[in-house]
Structure formats: structure tokens, C-alpha cells
Amino acid sequence: MTVRLLVTTSVAASLALAVACGQTGSPVSPSVSPAGVGAVADGSTLKATAPAPIFPVGGIRLDTLEPVFRLGTSSARYTSASFTYRLQLQGASGQAVAEVGGLTPVNGENEWEIPFLLELDTAYRWRGRAEIGQDFGPWSDFATFLSLDYRGIVPRPPDGAWPTDGQAVLDYIAASFPEYLVTTATTAERLENMEFIRDRVIEAGVCGGLDLARNLKRGIGPHSIDAIAWRLPDGDVEVVDIASAFDDKTIPLRLVWQIVEGPSGYDPLPDHPGC
């Protein structure tokens, strides 16, 4: 206790002496470098704000297993600087899932598409931070989301018997999702509806014993919007057009099973939910 009192008295005496001599305190000049001398309480060594997660956030349910993450940017404190960014994806309990660094922002945002499929119906959390070389800024708060869940999208038939004929599958899906068959205000809405119907047809058809999949145009992609691939028992693959005039948003969508000419590109839906 005596030592602390002596130190405090010494400091006070020094300050009094400085005032008596006409000296005034000068503020410490801010560093011109965004890199700090040492780590602060949160472990960061970069004088920067934390970036803000943009998407996905708020615990939303995604419609894909390959999301594109969007992260905002950080501001350097006291000076300007160009940062790269790191994104870290974890399971809900903190287990590591994926991490990527060296992201460069475009128009104030960083984008990164995960290069593998996430687990179905799973809770995740993610965060990001700015970096320069070996120095790094504070992590953002965690953002949360839920991955796609196929289960329960296509209703199970009351008697448990899935349709086994192509047109019967289409009729079943049309009756189950009439809201996706209506006219739309924009072409983009019509395309989204058609993609939804296409995937539900594949799911229900597989449950009925038909070997259905998405069709890759010209055998290499992208996926057809209104056509699917059907592998027959003999191994041949047919291309089936499942909608009439699907791109005419001014009329209701009509589902029709029609085999058409063209190279097939059989691409099964990932992680079929089962029947």
C-alpha cells in the first residue's frame, strides 16, 4: 500500500511541476498505420471496425445448400487502408465448417459461394473480419441461418401411394401447388415458379419409382427450366418437357408430360428427402 501511495504522489508531483513550468499536455498523434503495436482485448491487431454480415442473417431459411455469403466492409481508424477479408462458417455449436481468406470487396461488399453442399435442415452461424498481411481486425458478430429443408415440401399422398406415371406425377404436383401455376407480373417470377415445380416433380416422381433428375442443357448445363431427364429401366435417358408455354407469364402454367428431342444431361437432385 505504501508503494502505491508513493508512486501516485510522484506522478502528481510531476504533473504539478509541468504546470508550474508552463508546459501543457499534448494529445498523442494518431498512428498513420492501421496496424497496431500489439493485440487488444479481443485479440485483433488492426485498427479497424468490424464488418457487418449482410446475407444470410437473422436465422432465415435458405432455399439452397450452396449459399452465396455477402459481407460488408470495415473502416480503418485514423487513416485509409485497403483490406482483404476472411469469412468463417461454423455449426450452431461452434464446430468449424469452412473458412476462406483473401476476399476482395467489390462495390462495398465481399461475396463468397461455398464450394460444397451444406447439410440439409441444419443451423449455421458465420462471421467475418478485415485483414492486412498478418494483422487482423475484430470479428463481426455471428449471423445465423438455416439450410434448405426438402422434407415436407411435397405433401405425402393420403393413402401413401405415390403416382407412378409421368402425367399422373404432374397432375399431383399441379393439385398440390396451384399457387405456382398462376399468371405472374414478371418473367422472373414465372421462371422461379417453374424451377420450383420442376424440382417438386422430380421429388414426387422418384418417390413413385421414376428415375428423374434435372436436365443439363446440351448435356453440360445449365439446367433446363421446363424440362427434366428421365432414365428408363434399359438405361436410356429421355428429355421430358413438363410444361406448355411456360415462359408466357400471361397465361396459367399447364403441366404436360412430353418427350422431346435433344441431348440429355442427367443430374440428380442433391440429397433427395426420401418418401
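A few points about this structure:
- In segment 28-54, the residues that are part of a loop (DSSP other than H, G, I, E, B) form Cβ pairs under 6 Å with partners that are exposed (fewer than 15 other Cβ atoms within 10 Å of the Cβ) and at pLDDT below 60, at six or more places apart or across chains, as follows: Thr45/Ala39.
- Just one residue in the set Arg127, Arg77 is surrounded by 14 or more Cβ atoms within 10 Å (Cβ to Cβ), modelled with pLDDT of 95 or more and out of contact with any Cys (no Cβ under 7 Å at 6 or more places or on another chain); that residue is Arg127.
- Any hit, segment 238-253, residues being in contact (Cβ under 8 Å) with a residue 60 or more places away in the chain and assigned to a helix (DSSP H, G or I): no
- Where Gly133 falls short, out of the listed (1) over 24 Å from Arg231 (Cα atoms); (2) crowded, with 16+ Cβ neighbours inside 10 Å; (3) at pLDDT below 95: (2)
- Filter result (touching a helix residue (DSSP H, G or I) at 6+ places or on another chain (Cβ under 6 Å) and basic (Lys, Arg)) within segment 223-252: Lys249
The values are calculated or read from the model by the stated rules, or taken from the named source; none is laboratory data. In this text, all values refer to a predicted model and were calculated from it rather than measured experimentally. All Cβ positions, even for glycine, are placed from backbone atoms using ideal geometry, and neighbour counts span all protein chains on display.
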